Each structure stands twice: as structure tokens, then as C-alpha cells.
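See structure below.
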Amino acid sequence: MSVLAADPTYETFVLNMGPQHPATHGALRVKLVMDGEYIVEAEPVLGYIHRMHEKMGENRTYHQYLPNPSRLDYLSAMACTHGHVATVERAAGIAVPERAEYLRVITVELNRVSSHLLWLGAFVLDLGGFTPLLYAMDDREQILDLLERVTGSRLTYCYFRFGGLYNDVDDDFVDGARALVKRIRDKMPMYHNLITKNVILRQRLEGIGPISAEMCRKYGATGPVARGSGIPYDVRKHEPYSVYPEFDFDVPVYEQGDSMARYLVRMDEIEQSLRIVEQGLDKLPEGPVMAEKVPKIIKPPKGDYYCAVEAARGSFGIRLVSDGTNTPYRLKLRSPCFSNVSLFGEAARGLLLADAVALFGSLDLVIPDIDR
Amino acid sequence: MSELPEIFRVLAFVGGIMALVGLNAAFSVWLERKVAGHIQRRIGPKEVGPFGIFQSLADGIKLMSKQLVVPAKADPVLYRLAPALTMITAVMVFVVIPFGPALVARDINIGLLLIFAIASVNVLALLMGGWGSNNKYAVISATRAVSQNVAYEVPMLITVVTMVMIAGSMNLNTIVGQQQNLLQWYIFPWNGSLLLPVSFLIFFVCAMAETNRAPFDLGEAESELVAGFHTEYGGMGFGLFFLGEYGHVFVGCALASILFLGGWQCPFGWLPGIHWLLLKTYLLVFVVMWVRWTYPRTTLYGLLNLSWKVLVPFSLAILVLTAAMLKVF
């Protein structure tokens with residue numbers, strides 16, 4: 001590239017991918033400096049749907065802020081609300097009944113499966129295969145139906161409350177969840193036959209868009225992106241929260257760091273999440289789903305608190321600085337997609353446009369999670 | 001039909017071919033949506049007419065009633081000419097396609113050559129459309145389409161040369177006439193060359209790539225290039241590109257069935273005629289759609305590698321082997 005750049009006739013052009021582009025799946029703009037079909041520089045331009053969630057956190061009471069986190073990463077909204085309530089519970093010292101913790105884990109993992117299924121469809125759509133999207137949507141639909149019965153909403157859940165849950169699950173939930181686990185587990189070989197074993201797909205993913213472990217650490221990438229680069233980091237294992245230590249599950253890690261590795265990590269994660277759901281259903285204790293003495297107005301003692309959860313896209317953390325009043329002094333949201341998108345510029349350098357789209361899809365970015 | 005004065009014959013064929021191209025596009029769009037629907041576990045169009053058969057008509061009316069917007073700084077001549085040119089080439093190749101023993105607009109000796117000569121012009125239309133619409137995505141797409149078409153024309157033509165050597169004619173009606181029943185179809189290895197099934201495969205893959213169909217639809221890779229060379233086209237400008245594309249798909253599949261599957265001849269010798277050609281062609285069109293809704297898209301380099309490193313050497317080897325076999329036996 002440098003030899004070419006010294007040539008006075010060497011010419012590049014700027015290609016704006018987005019803010020309205022089918023591959024960015026939302027209002028993200030990537031400014032690409034192109035040399036023909038090769039990318040010389042890539043720069044994600046953020047801020048098109050900034051909604052001031054952090055500032056809203058400072059102005060609202062803790063209860064008023066409850067619906068906000070699910071608007072960040074709307075595809076794994078359950079994990080985001082989990083992160084929020086866990087931070088506030090840690091700050092205010094609210095104990096959560098065991099049944100509520102188990103139901104939290106079950107619903108979060110179901111939500112993770114639905115998120116990964118949607119990613120699977122959208123990712124293959126980025127690669128030009130339309131049909132898997134509808135198969136994945138079909139399975140995801142069953143999860144959303146089940147979660148809708150429990151939480152009342154299909155996408156932006158507000159199910160977790162400080163000290164427990166909004167309501168208990170109904171009688172059909174356990175059977176429905178078991179049927180769902182079986183259904184998706186039976187479908188996984190079909191996905192592998194249709195997608196993973198496809199020779200065109202393998203050619204497009206293997207060795208393409210490598211991200212080194214070094215790069216992941218530099219940009220703070222977490223979740224499947226980091227695990228696809230050989231970093232075995234999972235918040236559920238390394239900084240356990242809720243009742244995750246009582247579950248037996250593996251953290252899939254692949255060393256290659258290419259798009260295929262990230263793809264395989266997520267496919268394996270679907271199966272691990274199903275395992276967690278199954279164990280949760282087996283162990284689900286009886287009892288209340290809401291702590292008895294939760295203050296109406298929460299005023300955490302003065303201090304600095306942080307709690308992270310493993311959302312579908314990586315570590316989602318909330319830093320809460322309390323000054324002892326009923327609103328936070330500062331509410332910093334650490335969203336996984338922001339870190340993951342930051343490495344796109346470096347990782348996409350020198351790639352073909354088509355491979356950059358594959359890389360972009362394999363990062364699994366949700367734009368509202370980046371812009372907040 | 002030969003008793004009619006020439007002018008009526010020409011008019012009848014012009015009308016017939018135009019109607020066929022239009023109806024073919026309408027039918028193909030409907031078929032594509034139905035096939036896609038059933039592959040994806042849904043039902044596809046069903047509201048407009050029985051089985052949604054008039055859906056394409058409704059789409060056509062919508063496209064025709066839209067305003068043709070020419071983008072600022074677009075090349076006004078090229079921008080308007082490109083959709084027309086792609087349509088013209090799609091219609092013109094029908095001139096030599098034999099639909100029945102006497103149902104061919106111009107039964108000329110070099111029919112096969114003429115089809116490729118005209119179909120190649122289609123690339124120019126894509127280039128004009130991509131360049132003329134003053135859009136970076138369209139330009140990238142146009143360059144892709146050109147390199148792709150050039151790469152795939154080579155193995156396709158080599159395969160066609162093989163077929164011409166076996167059949168001994170470039171007249172499509174003569175080639176069809178030689179394949180009177182199932183056993184005489186040129187797809188089978190005992191009819192001239194042992195490698196004929198491979199030739200068919202090469203021809204079919206090339207026809208798919210030549211018509212920009214998935215998994216080779218790099219020209220209009222919607223997830224990378226928005227809509228490729230017709231990004232800036234709306235209304236009937238887009239509609240003509242669409243008509244042209246389905247026309248070319250039809251011609252590619254018709255040519256495959258004429259060269260390898262006996263064209264308008266019946267596999268069992270009953271009632272030869274246009275219905276057999278349409279049946280075989282639409283079966284192949286169905287396969288094209290089946291592939292499209294199953295596979296993801298290749299990349300440009302994967303595509304070019306497939307052509308230059310696999311298809312070209314293979315088709316050349318088949319050409320040489322066939323020539324040797326014809327000489328020996």
C-alpha cells in the first residue's frame with residue numbers, strides 16, 4: 001500500500017456506507033476510504049441516534065429509569081435490564097429471592113438465544129443468503145411468544161424490578177420453555193447443514209477479517225468477538241453474578257480470530273444457553289419472586305458502584321455514582337457494541353468491501369447500543 | 001406460416017416475442033416469489049387473483065405509474081439509454097430461438113453465434129447504467145458486472161464450441177432436430193463425448209453467472225452495494241432492468257435446454273412443440289431460483305477464480321478431448 005501511496009497517480013475515493021445502508025442494520029455511518037474495492041481506511045461515524053440515556057439516568061429516579069436500559073441493546077434487552085437492576089441492588093443492598101434469580105437467568109438466556117438467532121439470520125443475509133433469516137425468525141418467534149406471556153412485551157422488556165421480578169411465571173411457562181429448548185436443539189443440526197457446512201460461506205468467512213487477541217484488549221472488545229480471538233473471558237464465569245455459579249456450562253472459545261470463529265462461538269453459545277435454561281428449569285425453586293422490604297424510594301448510600309453482566313454481545317456494565325439522593329450523580333453505561341465497533345477501523349484495513357461487510361456482520365453490532 | 005406475406009410474419013413474431021418477454025417476466029417474478037416463499041416456509045403472494053398470479057401485474061402497474069427521476073449530475077443520455085439497451089438485447093436474442101419446428105422468427109445458420117453476439121451487449125447496458133447514474137456504488141457494481149461477464153463468457157463459449165463440433169451446426173433448429181428422443185439428448189455421455197454432463201454443468205453455471213443470478217449476483221449485491229447498478233433507478237427504469245434480467249434468465253435456460261435437453265422435442269416422441277421447450281426452460285428457471293434462495297453470495301475474487309482457474313481449464317480440456325474423440329470414432 002505504501003508503495004502505491006507514493007505514486008502521484010494513486011487515487012482513492014471516499015465511500016459512505018450508511019447512515020442508510022442495508023449492511024449497517026441501523027443508522028451507523030462508516031466512512032470508507034477505498035482503493036478500488038479495497039479499503040484503505042475505515043472510520044465508524046457515531047451519534048446518529050444518540051438519545052442521552054446517561055443524562056436521563058441522572059435526571060430520573062431509579063424506578064423511573066427502569067424501562068431505559070432495554071432501549072440500549074434491544075435484542076438482548078433482558079440482559080441490559082439485568083445489569084441495571086443488579087447494579088442498583090448492589091448499591092442499595094437489596095436481597096433478591098432465589099426463585100427470582102433463577103427466573104432472571106432463564107429469561108436472560110432465552111433472550112440470548114433469540115438475539116443470537118436474529119444475528120444468525122441477519123449475518124447470513126449480509127452474506128447474500130436470504131432464506132436462513134426466515135428460518136431463524138421462525139424459531140425466534142417462539143421465544144418471543146414465550147417471553148411475551150411472561151413479561152408482557154416482545155422486545156423491550158421491563159420485567160426485572162429492584163428486589164425481584166414484576167410477576168411470577170404462569171403454569172405453562174416451564175413446559176413451554178422445555179418444548180422450546182427441545183425445538184431449537186433439534187433445529188441446530190439443520191442450521192449447521194444449511195449454513196456452517198456451506199462451501200461458499202466457509203470461503204467467505206475462514207481467514208477473513210482476523211482480529212487478534214491483542215486488538216481485542218486494546219479496544220476493550222468483549223463477548224463473542226473476544227472469545228473468537230482466543231480470549232476466554234465471560235462475565236458469567238469470571239465475575240459471577242446472580243446464580244450463575246450454580247450452573248454447569250462451557251464458554252466456547254476459538255483461537256483463529258476470523259469471522260468464522262466469531263460465527264462458531266455464537267452458534268455454540270446458543271447450545272450452551274439452552275443447557276443453562278434446561279438446568280434452570282430443573283432447579284427452579286418455589287417461593288416469592290419479589291423481596292419483601294424494598295423501599296419505595298431508593299436512595300443508595302454515597303459511593304461508587306459497578307456491576308457488569310454478560311449480554312449477548314459482551315460485557316454490559318453500569319457504573320453508578322450515588323450522592324445519597326434519589327437520583328444517581330452519574331450513571332455510566334458501558335455497552336459492548338461501542339467497544340466492538342471501535343476495532344472495526346483497524347480490522348477492516350486492507351479488506352475487500354464484501355469481506356468488510358462479513359466482518360461487520362460478525363461483530364454483531366446493535367446501533368442503539370453504540371450510540372446510547 | 002410461410003404462406004403469409006413477410007410483413008405479417010414479422011409483425012406476428014415481433015408481437016409474439018414482446019408478449020413472451022413481458023409475460024415471462026411477469027410469470028418469473030410470480031414464480032420466484034412463490035418458490036422463495038415455499039423454500040422459506042411461507043406462502044408467497046396470494047391476494048391478487050388466484051394464487052396471487054396477478055401480483056406481477058399489480059407490481060407492473062405500480063412501476064409504470066411512477067415518475068422516472070434522473071439524479072442530479074447523472075449522464076442524461078446514458079442514464080436513459082441503459083435500461084432500454086438491456087431490454088433490447090433481451091428481446092433481440094429471442095429472434096433465433098426455435099420454439100417449434102417452424103416457430104422461429106429467423107431460422108439462420110449462425111443462430112448460436114448471434115445469440116452470444118447480442119447477449120454480450122448486455123454488459124454494456126449495465127456499465128452505462130452504473131456509470132451514467134453518478135453513484136459510487138453503481139460504478140463499483142458496473143465494474144464487477146463487466147469483469148464477471150467477461151470471465152464467464154469465455155468458458156461458456158468454449159463449451160458452446162464443443163457443442164457445435166458435436167452437432168455439426170450452429171443452427172439451433174438443426175441442433176434440436178438431432179435430439180429426437182430422450183436417448184439422443186446431448187446431455188448424455190453416449191451422444192458424442194463422454195464429458196457432456198460436465199459441459200452441461202459448466203454451461204449452466206456460466207449462464208447463471210452471465211445473467212447475474214445468485215450466488216453470482218455480485219452486480220446487485222444488496223447487502224454491499226445497496227442495489228448495484230440500478231441503485232439510482234426507480235419506476236420503469238428499474239422495471240426494464242428487471243424485465244431484461246428475467247428475459248436473459250429465460251434465454252440462458254432455453255439455450256441450455258435447446259443445446260442439451262432437446263429443445264421443443266418430446267423426450268418420448270409425442271407431440272413436439274413449444275410446450276416442451278417452455279416446460280424444460282421453466283424447470284431450469286426453477287433450479288436457478290432454487291439455487292438463489294439456498295446459497296449465500298460469493299465474492300468477486302472467488303467468482304473470478306472459479307472461472308479462470310476451474311471452468312476455463314475444464315472446458316478447454318473437454319474441447320480437446322471431444323475433438324479427439326470425434327476424430328477417432
Legend entry - the stretch B:206-219, residues that are of a type outside the set (G, A, S) and either more than 12 Å from chain A (Cβ to nearest Cβ) or surrounded by fewer than 24 Cβ atoms within 10 Å (Cβ to Cβ) (or both): B:C206, B:M208, B:E210, B:T211, B:N212, B:R213, B:P215, B:D217
Inset, instruction - Within the stretch A:134-160, work out how many residues are surrounded by 20 or more Cβ atoms within 10 Å (Cβ to Cβ), within 19 Å of the chain's Cα centre (by Cα) and within 14 Å of another protein chain (Cβ to nearest Cβ). - result: 3
Inset, instruction - Restricting attention to the stretch A:326-350, report how many residues are part of a helix (DSSP H, G or I) and either under 22 Å from A:Y306 (Cα atoms) or touching a helix residue (DSSP H, G or I) at 6+ places or on another chain (Cβ under 7 Å) (or both). - result: 10
Inset, instruction - Consider B:W293 carefully, then state whether it is under 22 Å from B:M163 (Cβ atoms) and surrounded by fewer than 24 Cβ atoms within 10 Å (Cβ to Cβ). - result: no
Legend entry - Filter result (within 14 Å of chain A (Cβ to nearest Cβ), closer than 23 Å to B:R213 by Cβ and not in a helix (DSSP H, G or I)) within the stretch B:106-148: B:N135
Inset, instruction - Can you give me the number of residues within the stretch B:51-69 that are part of a helix (DSSP H, G or I) and basic (K, R)? - result: 1
Legend entry - Of residues in the stretch B:296-322 being assigned to a helix (DSSP H, G or I) and within 11 Å of chain A (Cβ to nearest Cβ), the one surrounded by the most Cβ atoms within 10 Å (Cβ to Cβ): B:L300
Inset, instruction - Return the residue satisfying two criteria in turn: it lies in the stretch A:191-212 and is more than 10 Å from chain B (Cβ to nearest Cβ) and part of a loop (DSSP other than H, G, I, E, B), and of such residues it is surrounded by the fewest Cβ atoms within 10 Å (Cβ to Cβ). - result: A:K197
Inset, instruction - Name the residue, out of B:G239, B:G228, that is on the phi > 0 side of the Ramachandran plot and either of a type outside the set (V, I, T) or within 21 Å of the chain's Cα centre (by Cα) (or both). - result: B:G228
Legend entry - Positions within the stretch B:272-329 being of a type in the set (S, T, N, Q) and farther than 29 Å from A:V357 by Cα, in sequence order: B:T281, B:S315, B:T322
Inset, instruction - With respect to A:R29, determine if the residue is in contact (Cβ under 8 Å) with a residue 40 or more places away in the chain and either surrounded by 15 or more Cβ atoms within 10 Å (Cβ to Cβ) or on the phi > 0 side of the Ramachandran plot (or both). - result: no
Legend entry - Close pairs from the stretch B:195-220: first touching a residue at least 60 places away in the same chain (Cβ under 8 Å), partner among the small types (G, A, S) and outside any helix (DSSP H, G or I), Cβ under 8 Å, at least 6 apart: B:S199/B:S193; B:A214/A:G128; B:P215/A:G128; B:D217/A:G128; B:E220/B:A227
Inset, instruction - Within the stretch A:255-264, identify whether any single residue is surrounded by 20 or more Cβ atoms within 10 Å (Cβ to Cβ), in contact with a helix residue (DSSP H, G or I) (Cβ under 6 Å, 6 or more places away or on another chain) and free of Cβ contacts under 8 Å to residues at least 40 places away in the same chain, and answer yes or no. - result: yes
Legend entry - B:V35 vs. criteria under 26 Å from B:L279 (Cβ atoms), more than 14 Å from chain A (Cβ to nearest Cβ), buried (at least 17 other Cβ atoms within 10 Å of the Cβ) and at pLDDT 85 or above: no
Inset, instruction - Scan A:A221, A:A226 and give me the residue that is among the aliphatic types (A, V, I, L, M), more than 14 Å from every other protein chain (Cβ to nearest Cβ) and in contact with a Leu (Cβ under 6 Å, 6 or more places away or on another chain). - result: A:A221
Legend entry - Extreme residue, farthest from the other protein chains (Cβ to nearest Cβ), among residues of the stretch A:109-133 that are under 22 Å from B:M289 (Cα atoms) and aromatic (F, W, Y): A:F123
Inset, instruction - Check the stretch B:238-251 and report whether any residue there is within 14 Å of another protein chain (Cβ to nearest Cβ), out of contact with any His (no Cβ under 6 Å at 6 or more places or on another chain) and part of a helix (DSSP H, G or I). - result: no
Legend entry - Qualifying residues in the stretch B:138-157 (those that are surrounded by 21 or more Cβ atoms within 10 Å (Cβ to Cβ) and of a type in the set (A, V, I, L, M)) - the one farthest from B:S307 (Cα to Cα): B:A138
Inset, instruction - Collect the residues in the stretch B:263-277 that are in a helix (DSSP H, G or I) and surrounded by fewer than 19 Cβ atoms within 10 Å (Cβ to Cβ), keeping them in residue-number order. - result: B:I274, B:H275
Inset, instruction - Would you check if there is a residue in the stretch A:351-363 being more than 14 Å from every other protein chain (Cβ to nearest Cβ), surrounded by fewer than 24 Cβ atoms within 10 Å (Cβ to Cβ) and not in a helix (DSSP H, G or I)? - result: no
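The values are calculated or read from the model by the stated rules, or taken from the named source; none is laboratory data. Keep in mind that what you see is a predicted model, and the values were worked out from it rather than measured. Neighbour counts run over all protein chains shown; Cβ positions are idealised from the backbone, glycine included.
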